[in-house]
Amino acid sequence: MADLGRAALIVSFGLALWALAAGITGAMANRRRLVDSARNALIACFVSTFIASAILASALVRHDYTFVYAASHTSHDLPTLYSLSAFWGGQEGSLLLWLLILTGYAALSVTLNKRLLRDLIAWTVPVFAGVATFFSFILVAVSSPFVTQSRAVDGAGLTPSLQNPYMVAHPPMLYLGYVGLTVPFAFAAGALLARQADERWLIATRRWTLAAWMFLGFGQLLGSHWAYVEVGWGGYYAWDPVENAALMPWLAATAFLHSVMIQERKGMLKIWNVVLVALAFELSVFGTFLTRSGVINSIHSFARSSIGPWFLVFVCATAIFSTWLILSRLPLLRARTKLESALSREATFLYNNLLLVALCLTILWGVLFPVLTQAFLGESKTIGRPYYDFFLRAFGLPLLLLMGIGPLIAWRRASVRSLIATLRWPISVALTAGVVLLILGAGSSIPGIIAYTFCAFVLTTIVVEVVRGTRATGSLTELVGRNRRRYGGYVVHFAIVLFAIGVAGSSAYGSTKEQLLLPGQTMSVAGYNVTYKNLEVEKGPTSSETRAVMTFTGRSTGTLRSGTNAYFADGSSSREVGIHTNWLRAEDLYVIFDQKQGEGVYFKVLVKPLVNLLWVAGIVFIIGSMVALWPDAREQKRLVARLALARA
């Protein structure tokens, strides 16, 4: 079976290489048969990659330890679901998943658009094929998942921290997002190579981009929840380099999804859009390089391997290609209209993009700083959490404010007086909310009170827009049905507001206390009295489980357990936190078993207000994204009309 898997990957590499060579030749010489052959080869590349993936998945589920990859990442006592998730638990398997998703996206997107965008597809195919050629080459020549050995008695098992339901869904979601950003990049590059810089590529890829953006955003939230319940440090985001590597392309894609509306409506921001698409793609590949190169230390990264230099070359090559392509096509990217006023909806979108890109590049600098200091000074210096928190507030709070102003400000030009009149209700509600929060004692955190006030402002603008639209149409269902993209966006904005409230509440208004407790002793924190009762030790199939039994009274009453697992296979250990959610007060009581000392235990107890709004925000985010993605016959007619107009 391993030989068949290797052969399938070699076929994938050959097909991708042919799609690249034939696609370029056919597009340059306008030879339709070569263009069709390249497209068919790209589709066939997905089929051969799927065969290779099925063989590896089968080996993992069957615990076929003649596969080195299966022996390294599974064991007989590993449940089937986690055996399957080992597919993306190791480096070689995750690269194969990347190639599978890439070729799947490519095959589907070029097939669905081959009639509407025939001249663009001719150049889009070789762009897809170039990326697929690189990944298939890595899998064939550098890091193959089909290396074999003599059959082992048992495997090493999956890393304990990955044996979690969230780790079954989190990596595939991220990959669907990361790899999905190749679609708008390939179509944008294809359009520029074909010297067709109109809106057709935007219209053809809007849903693909939105889907990739949704997967990437939700994948990060799943990862945050995994960190919150599994890693056991009391938080959900640590500004880890690999976490940042997923956030950066999402920010770039967010900016693109906003500015694309300006190009469609006004013919503006064409350069912005191709730059943002290229930036999102480059950052997604750069994130893969960070995870696999070993240049940074992270709980999320793979071990140092030989593929790091290959990825660095690929990142540099695609960056040079993107820069050359954009600079050489600048005359085609001139806007049809110019910005008329700094106080207009178009300007608001531009400010939004500037802030998003500034935040993205600020994070990028923080990620690169240790690498650069190591390279030039011989000493790795890291940038700490205060740096990121400062710029999150500096750029994030104005972004919140713009999120409320944007939907209500006039197109082309608005006066200060008319804008204040339009925003009178949101301003009034926001100021009232701020005063009430100050009276209730929330003024201990200035960024927190500002965030809450801006959130009230944004929520009011959403309500104003929905009420106004419902009055005009007579039905909320009819209102959303007429413009799912717009009102799906409002639902996403609502999710962002919930997320901002959760972040502000859990970080600015939480409480923490550490104390050594002997059995029977109690510690008090933020209205809770937590008592350590006794210690329980149980031997499970894969680990020794130590649990401290705790009772708590005060704001809520109950029992929870917190402790550690010591794994037999590799001698590693993990924390198992105790979490009680007090839904009435919208807060979590979070207990960490820090370390045992004699008969006593050091506990770290946290009270996290509003933290669960982050996970609620994720559900609302998916709902809003799906509303915006949902097919609409009326929108399809508008898209066909726009494509015909752009082609004319």
Could you sort the peptides 394-406, 378-390, 217-229, 117-129 by per-residue average Cβ neighbour count (10 Å cutoff), highest mean leading?
117-129, 217-229, 394-406, 378-390
Fully extended contour minus Cα-Cα distance, from residue 427 to residue 372, at 0.36 nm per residue
15.3 nm
Cα centroid separation, region 1-43 to region 316-330 (Å)
24
Sequence-distant residues sharing a close amide H with residue 525 (under 5 Å, placed H):
530
Taking the structure as given and computing Cα extents along the principal axes in Å, which label from (1) 98, 62, 45; (2) 81, 77, 55; (3) 142, 57, 50 fits?
(2)
Assigned charges on the beta-carbon of Lys, Arg, Asp, Glu; region 135-261 dipole about Cα centre (debye):
400
Cα to Cα, under 15 Å, and not fewer than 8 places away if on the same chain: which aspartates and glutamates meet these conditions relative to residue 513?
588, 594
Flagged as over-length at 18 Å C-alpha distance, from 533/608; 266/338; 539/604, the pairs are 533/608; 539/604
For residue 337 and residue 419, what is the calculated FRET efficiency with R₀ set at 22 Å and r taken between the beta-carbons, to the nearest 0.05?
0.55
Given charges of +1 on the Cβ of Lys and Arg and -1 on the Cβ of Asp and Glu, with all other atoms neutral, how large is the dipole of the chain about its Cα centre, in debye to the nearest 20?
2980
Short version: ³J(HN,Hα) in whole Hz for each residue of region 493-505, in order, from phi by Karplus 6.51 cos²θ - 1.76 cosθ + 1.60 (θ = phi - 60°), x for Gly and Pro, what are they?
4, 4, 4, 5, 5, 4, 4, 4, 5, x, 5, 5, x
Put +1 on the Cβ of each Lys and Arg and -1 on the Cβ of each Asp and Glu in region 511-609; which of 534, 574, 550 then has its Cα farthest toward the positive end of the dipole?
550
Which peptide among 23-30, 313-320 comes first, and what is the full order, when sorted by highest mean count of other Cβ atoms within 10 Å?
23-30, 313-320
So which chymotrypsin sites (Phe, Trp or Tyr not before Pro) in region 324-383 end up in coil per DSSP with only 12 or fewer other C-beta atoms within 10 Å?
none
Using helices alone, I'd like the mean residue ellipticity at 222 nm for the chain: each DSSP H run of four-plus residues gives -39500 (n - 2.57), total over residue count, nearest 500.
-21500 deg cm²/dmol
Mind ranking 613-623, 595-605 by how tightly packed they are, going by the mean number of other C-beta atoms within 10 angstrom, highest first?
613-623, 595-605
Reachable aspartates and glutamates from residue 114, criterion Cα separation under 19 angstrom, eight or more residues apart if same chain
36, 198, 199
Which one of 95, 229, 214 has its Cα pushed farthest toward the positive end of the charge dipole of region 74-229, where Lys and Arg give +1 and Asp and Glu give -1 at the Cβ?
214
About the Cα centre of region 1-163, what is the dipole size in debye to 20, counting +1 per Lys and Arg Cβ and -1 per Asp and Glu Cβ, all else neutral?
800
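Readers should treat all values here as calculations from the given coordinates under stated rules, not as data from a laboratory. As the structure is a computational prediction, the values presented were derived from the model and not from experiment. So basically every Cβ, Gly included, is an ideal-geometry build from the backbone, and we count neighbours across all protein chains shown.
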